[in-house]
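Only one structure is covered here, and it is reproduced in the block below.
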Amino acid sequence: MPFSLASVQDAVAAAVPDRPALIFRDRRFTYAQLVERTYRFANVLLAHGVDTPTPRAQLRNWESGQDQIALYLQNGNEYIEAQFGAIKAGAAPFNVNYRYVEEELRYLFDDAKAQAVVYHAQFAPLLAKVLAGRAAMKVLLQVEDGSGEPLLPGALDYEAALAAASPQRPDAEWSADDLYILYTGGTTGMPKGVLWRQGDILAAALGGRRSGGALLESLDEYADRARVISPNVYLPTPPFMHGTAQWIAYSAWNSGHTIVMQDVVDRFDPDDILSVIERERVNMLCLVGDAFGRPFLSALEDSGADVSSLTHILNGGAAMHPATKTALFDKLPSVRIIDTIGSSETGPQARQVAKDVSDTREAPRAVGGNCVLSADRTRVEAPGHKELGWFAKSGHVPLGYLGDEEKTKASFPVVDGVRYAAPGDRVRLREDGSIEFHGRDSQSINSGGEKVFVEEVERAVGAHPDVVDTLVSWRPSERWGQEVVAMVQLAPGAAPDNAAILAAAASHIARYKLPKAIVFVDKIGRQANGKPDYRWAKTMADAYADGDN
């Protein structure tokens, strides 16, 4: 029987009300305290006109039927309170990348049809520009962050609003059909809202199963599990605006564990991470590939911090090189490193558990419900198939993409009467059952755990008037795993000016998407039909040496 995330959270809190649920800096919240604050937030939304959801049966797979609430926040207890509080008001919260520039935010808010925004005060000046000329939001809630920014006109102070709200359970119905929305990048370079039923995301990624894989069938089972476990302390270091951090935290909470957030939230600070591990006796540390793993290793070598409490390193969002894992085992021989591969459209699809150095080069294996579809998406491939297929998942999968019928039908095909999620990863299923990954079919770059889509960068770089044509690819990076490289063809007589091109692009895309290098070429490689030649672009990026072009 499926359940809403709100019902599960409340059941666990009722079972272990005094257990620590969330620790952030000097703030400590028990499960009971956290639930009360979600109730208060929900009641603030309801008092400002958040609507009752339209029944799922009346909607198509790409339609919402709920009010969307933007979470424009860095990590902090407010992120969790707002997300679950919105859910308990019958609304659908969605993640906002706080690195986005004005143009990107405008698109995102329009695409989501946002009805309310919860935001850190430091983002108020940019948010004011984004909201100018738009229909009024039902409510704006501004979170104090020490930046000194005054409240936007009509906005409420977050803590004052919660203090004035009722701590009682909100008057709203909760359903497993209510949405969990996770925005991710799309193949066109624009973000897409992945629509999950809460009952499905719970089963797919948020701890809705027993250790053997069977679904939990009652709220009493969630409560009983929370009572009997020996709780661990989890530190999910990525921003909560990404699914990796949410899935680690919420699956842990749904079992009754404790979540800690690092003190420094505007960047990855490995020294701060080590301090928090020592202070809070963290057991489970979440990292994002080499972009997090290598700086963490460097800090660990120079630190005298006591990290003996660590038992597991959970890696997700980007691949971690075997050499990085080997170095981690050298420093932390008793830990286990768990690599999980998946997407916003599938949840976890493959996993590899390394117990020691000998396991670091093992290929990941698919977890339950995952398979490989043929290249033409007409059949399920058997192990050892020759051509590349699509990594796919059946069972508990999303409904589709918010407002996008065409992409929903393309990414969630029906094969022999079974509906699959196949967002675009090209793979081969080996004879031994392991997965050979070849990457996302659409052109995307994974830089430090952030997806960067080449078409979006190309549009931004092309905004400079001297740029005649451009293609974007990537080169390997020890720091980021992959980093963006732009091949640029200039207008006749124009002089190469990296700074000017980057400045023009920065008004369209976030800083982390900007090229780390620009290669000026006489002519961009394209096919006879005018389509981009990305093989040429990759060859050029690989050949480019560090330094000025």
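When Gln352 is tested against (1) part of a strand (DSSP E or B); (2) more than 21 Å from Asp425 (Cα to Cα), only condition (2) is not met. For region 372-390, name all the residues that are modelled with pLDDT under 95 and outside any loop (DSSP other than H, G, I, E, B). Selection gives Gly389, Trp390.
Tally time: how many residues in region 210-242 are of a type in the set (A, V, I, L, M, F, W, C), under 19 Å from Met284 (Cα atoms), open to solvent by 20 Å² or more (accessible area, probe 1.4 Å) and in contact with a helix residue (DSSP H, G or I) (Cβ under 9 Å, 6 or more places away or on another chain)? Summing the residues that are of a type in the set (A, V, I, L, M, F, W, C), under 19 Å from Met284 (Cα atoms), open to solvent by 20 Å² or more (accessible area, probe 1.4 Å) and in contact with a helix residue (DSSP H, G or I) (Cβ under 9 Å, 6 or more places away or on another chain) in region 210-242 gives 1.
In region 351-369, is there at least one residue being under 17 Å from Val397 (Cα atoms), touching a helix residue (DSSP H, G or I) at 6+ places or on another chain (Cβ under 9 Å) and either surrounded by 16 or more Cβ atoms within 10 Å (Cβ to Cβ) or of a type in the set (Ser, Thr, Tyr) (or both)? Looking through region 351-369, at least one residue is under 17 Å from Val397 (Cα atoms), touching a helix residue (DSSP H, G or I) at 6+ places or on another chain (Cβ under 9 Å) and either surrounded by 16 or more Cβ atoms within 10 Å (Cβ to Cβ) or of a type in the set (Ser, Thr, Tyr) (or both). Kindly indicate whether any position in region 218-229 is modelled with pLDDT of 95 or more and in a loop (DSSP other than H, G, I, E, B). Scanning region 218-229 turns up at least one residue that is modelled with pLDDT of 95 or more and in a loop (DSSP other than H, G, I, E, B).
If a residue has to be within 28 Å of Tyr180 (Cβ to Cβ) and part of a strand (DSSP E or B) to count, how many in region 316-336 make the cut? Spell out how you get there, then give the answer.
From region 316-336, those within 28 Å of Tyr180 (Cβ to Cβ) are 316-320; that's our starting set.
Going one step further and asking which of them are part of a strand (DSSP E or B), we end up with 316.
Going through region 316-336 one residue at a time, the tally reaches 1.
Checking each residue in region 464-491 for being open to solvent by 50 Å² or more (accessible area, probe 1.4 Å) and either under 15 Å from Lys538 (Cα atoms) or outside any strand (DSSP E or B) (or both) picks out Pro465, Asp466, Trp474, Pro476, Glu478, Arg479, Trp480.
For first residues located in region 495-506 and under 22 Å from Glu103 (Cβ atoms) and free of Cβ contacts under 8 Å to residues at least 24 places away in the same chain, partners that are among the aliphatic types (A, V, I, L, M) and surrounded by 15 or more Cβ atoms within 10 Å (Cβ to Cβ) and lie 6+ apart or on another chain with Cβ distances below 6 Å form the pairs Leu502/Leu514. Of all positions in region 93-107, none carries a residue that is farther than 18 Å from Tyr512 by Cα, among the aliphatic types (A, V, I, L, M) and either at pLDDT below 95 or open to solvent by less than 10 Å² (accessible area, probe 1.4 Å) (or both).
Tell me, please, whether a residue that is touching a strand residue (DSSP E or B) at 6+ places or on another chain (Cβ under 9 Å), modelled with pLDDT under 90 and more than 16 Å from Gly317 (Cα to Cα) can be found in region 410-427. Within region 410-427, one or more residues are touching a strand residue (DSSP E or B) at 6+ places or on another chain (Cβ under 9 Å), modelled with pLDDT under 90 and more than 16 Å from Gly317 (Cα to Cα).
Would region 303-318 turn up any residue that is at pLDDT 95 or above, among the polar types (S, T, N, Q), touching a Lys or Arg at 6+ places or on another chain (Cβ under 7 Å) and open to solvent by less than 20 Å² (accessible area, probe 1.4 Å)? Yes: one or more hits.
Can you confirm whether region 437-449 contains a residue that is in contact with a Lys or Arg (Cβ under 6 Å, 6 or more places away or on another chain), in a loop (DSSP other than H, G, I, E, B) and open to solvent by 10 Å² or more (accessible area, probe 1.4 Å)?
Narrowing region 437-449 to residues in contact with a Lys or Arg (Cβ under 6 Å, 6 or more places away or on another chain): 438, 441, 444.
When the remaining residues are screened for being in a loop (DSSP other than H, G, I, E, B), the result is 441.
Then drop every residue that is not open to solvent by 10 Å² or more (accessible area, probe 1.4 Å), which leaves 441.
Yes, because at least one residue in region 437-449 is in contact with a Lys or Arg (Cβ under 6 Å, 6 or more places away or on another chain), in a loop (DSSP other than H, G, I, E, B) and open to solvent by 10 Å² or more (accessible area, probe 1.4 Å).
Between Lys538, Lys523, the distinction of being open to solvent by 40 Å² or more (accessible area, probe 1.4 Å) and either modelled with pLDDT of 95 or more or not in a loop (DSSP other than H, G, I, E, B) (or both) belongs to Lys538 only. Quick check, is Ala160 among the small types (Gly, Ala, Ser), modelled with pLDDT of 95 or more and either surrounded by fewer than 21 Cβ atoms within 10 Å (Cβ to Cβ) or under 14 Å from the mean Cα position of the chain (by Cα) (or both)? Here the answer is yes, as Ala160 does meet what is asked.
Of the residues making up region 392-403, none is open to solvent by 60 Å² or more (accessible area, probe 1.4 Å), in contact with a strand residue (DSSP E or B) (Cβ under 7 Å, 6 or more places away or on another chain) and part of a strand (DSSP E or B).
State whether one or more residues within region 164-178 are open to solvent by 30 Å² or more (accessible area, probe 1.4 Å), over 27 Å from Phe268 (Cα atoms), modelled with pLDDT of 95 or more and assigned to a helix (DSSP H, G or I). Taking every residue of region 164-178 in turn, at least one turns out to be open to solvent by 30 Å² or more (accessible area, probe 1.4 Å), over 27 Å from Phe268 (Cα atoms), modelled with pLDDT of 95 or more and assigned to a helix (DSSP H, G or I).
Name the residue, out of Leu151, Leu127, that is closer than 17 Å to Val101 by Cα and surrounded by 11 or more Cβ atoms within 10 Å (Cβ to Cβ). Write out each step before concluding.
Details: Leu151 fails: closer than 17 Å to Val101 by Cα.
Checking each option against the conditions leaves just Leu127.
Applying the condition of being within 17 Å of the chain's Cα centre (by Cα) and either of a type outside the set (A, V, I, L, M, F, W, C) or part of a helix (DSSP H, G or I) (or both) to region 252-274 and asking which residue is modelled with the lowest pLDDT yields Arg267.
So, Val288, is that one touching a residue at least 60 places away in the same chain (Cβ under 8 Å), closer than 26 Å to Val367 by Cβ and open to solvent by less than 20 Å² (accessible area, probe 1.4 Å) or not? Spelling it out, Val288 is indeed touching a residue at least 60 places away in the same chain (Cβ under 8 Å), closer than 26 Å to Val367 by Cβ and open to solvent by less than 20 Å² (accessible area, probe 1.4 Å). Here Asn61 meets each of (1) open to solvent by 30 Å² or more (accessible area, probe 1.4 Å); (2) within 23 Å of Pro167 (Cα to Cα) with one exception, condition (2). Of the residues making up region 32-56, those that are open to solvent by 50 Å² or more (accessible area, probe 1.4 Å) and either touching a Cys at 6+ places or on another chain (Cβ under 8 Å) or without any contact (Cβ under 8 Å) to a residue 24 or more places away in the chain (or both) are Gln33, Thr54.
The values are calculated or read from the model by the stated rules, or taken from the named source; none is laboratory data. These numbers come from a predicted model, not from an experiment. A quick note on method: Cβ atoms are made from the backbone with ideal geometry, for glycine too, and the neighbour counts reach across all protein chains shown. SASA here: full protein model, heavy atoms, side chains in, ligands and nucleic acids out. Shrake-Rupley method; radii C 1.70, N 1.55, O 1.52, S 1.80 Å.
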